[in-house]
Amino acid sequence: MDYVPYAVPFFLLAILIELAYGIIKKNNTYRLNDAISSLFMGSLRSANKLIIISFGGYIFYFIETHNDLWRMDASSPLVWIFAFIVYDFFYYWFHRVSHERQLFWASHVAHHQSEDYNLSTALRQTGTGAFVTWVFFIPVFLIGVPSYVFVSVASINLIYQFWVHSEHIPKLGWYEKFFVTASNHRVHHAQNENYIDKNYGGVFIIWDRMFGTYKEEEDHEAPIYGIRGSINTFNPIWANLHIYVKMLKDIWYAQSWKEKFFVPFAKTGWQPSTLSIPADKDEFNRVTFKKYNPEVPTKIKIYAFFQFFILSLVGLLLLESGKLNYGQLWVTVSMMAFTMYCTSLWLDGKEGFALEITRLIISLALSIYAYLEMNITVVAMSLMIYSIVNVIALPWINKPQAMPEAKSY
């Protein structure tokens, strides 16, 4: 059983509590633009799960239904404990390889792009992970862990990881020696030279201690969050695809066939020596680093939050309702992604009026289709009202306004 959907309301409540706590303590770790970007990517990941059939899930299902396989007893508490520990062991290796090899980093990088560190960062998830993650958990399937137990412990593992994405939680003494905590996970999200590519455990930090990847957070060196080679955009589509695009460019411009083949499997950051174009450079400097933070009017931030709120309702009330067929799911998720992309243009301080008009015309057309062809009156009317509200707000949003200089952090 997947427990994550049941935990989402508590995740959102915890985010609000952390935000309020930070404001009261005068140590707010949230920026609306970055938080909205993270929440968009979490919503996109959840929506994608409905339309992208997991290769691993299909393979495991095919094998299990066409063969008389021995399975452990799911009613035994010992089996659940064993499965929980074994899952976290293989999660460690999945997580480590996802940092150390380009093909897997291309999927995982989305989770690390936020230059803030708060509970919304935990929800910043990849939209392409379903294609590669399953490979690492084949041994769990082969040793006889029942599918029901596997899915359950995997979701519990993911839920545990939520709370460690916070700057407000200090070191926890003896607990740090055995379990992943906010302190040692802050190290994991940092791009400092001393911290980068450390602390891969999901629940247990003992794997990092055993395999030499553990690093304690140092009091004299604050973590600098984000990725080297910042993408400098809040666009969730580009956030999911930019490493794939970089790999394709390296393959295309490499003059050696051996290097072309090696690109996806090389260490993260490696580039061919035979490129016909200049290679990318790692220009990270912890002293001069500044967060990407284009200054935009408050009305843009309000508009962006409104889009997130509506997309959350769409995901909760429509996508999970089971009333849409596969084609309609594709259309709905595609419109959600298009909405996120258009909103990211506003948050990036770019001109988004033309695309926004296009998006709203499509929304109106879909509302008419939903009413005439699908006979879903509630959805049709809701979509039409949403589109009209956006059309009314658009001139106000697009009105030029003198902006102060962008802040640096």
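Only the coordinates and a few stated rules stand behind these numbers; no lab work does. Since we're looking at a predicted model, the values are computed, not measured. Please note: Cβ atoms are built from the backbone with ideal geometry, for glycine as well, and neighbour counts cover all protein chains shown.
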Long-range amide H contacts for F179: which residues qualify at under 5 Å (H placed 1.01 Å from N, peptide plane, sequence gap of 5 or more or a different chain)? I205
Taking the dipole about the Cα centre of the chain, with the C-beta of Lys and Arg at +1 and of Asp and Glu at -1, give me whichever of T213, N28, L103 is farthest to the positive side. N28
With label points built 7 Å along Cα→Cβ from the Cα atoms of V245 and E221, find their separation and express it in nm. 3.2 nm
Vicinal HN-Hα couplings computed from phi for the stretch 15-26 (Karplus, 6.51 cos²θ - 1.76 cosθ + 1.60; Hz; Gly/Pro x): 4, 5, 5, 5, 4, 4, 4, x, 5, 4, 7, 6
GNM on the chain, C-alpha springs below 10 Å: top fluctuator among E18, E221, E259? E221
Just the Kirkwood number for the stretch 231-326, please: inverse of mean 1/r across all distinct Cα pairs, in Å, one decimal. 17.6 Å
Which of the pairs K215/K246; K215/K299; K198/K246; K215/K350; K177/K258 have their Cα atoms more than 32 Å apart in this structure? K215/K299; K215/K350; K177/K258
Run lengths n ≥ 4 of DSSP H only: what is the helix-derived mean residue ellipticity at 222 nm for the chain, with -39500 (n - 2.57) per run over all residues, to the nearest 500? -18000 deg cm²/dmol
Quick one: among M340, M381, M210, which has the greatest mean-square fluctuation in a GNM of the chain with alpha-carbon springs under 10 angstrom? M210
As a Kirkwood estimate from alpha-carbon pairs, the stretch 270-355 has a hydrodynamic radius in angstrom of 16.6 Å
State the extension gain, in nm to one decimal, for the chain segment bounded by L69 and V4, taking 0.36 nm per residue of separation less the distance between their alpha-carbons. 20.6 nm
Rg and Dmax of the chain, using alpha carbons, in Å: what are they? 22.5, 69
Mean separation of Cα contacts under 8 Å, 6 or more apart, over the residue count of the chain: relative contact order %: 18 percent
Can you give me the C-alpha center-to-center distance between the stretch 191-222 and the stretch 250-313, rounded to a whole angstrom? 24 Å
Of the residues D73, D348, D208, which exhibits the maximal mean-square fluctuation in a Gaussian network model of the chain defined by a 10 Å Cα contact cut-off? D73
Give the Debye-formula value of log10 I(q)/I(0) at each listed q (0.08, 0.09, 0.14, 0.18 Å⁻¹), with one equal scatterer per alpha carbon of the stretch 4-211, two decimals each. -0.29, -0.37, -0.91, -1.45
Computed E for N285/L142 - FRET, C-beta separation, R0 60 angstrom, nearest 0.05: 0.85
Projected-area mean, the stretch 148-189, by convex hull of Cα positions, square nanometres: 3.3 nm²
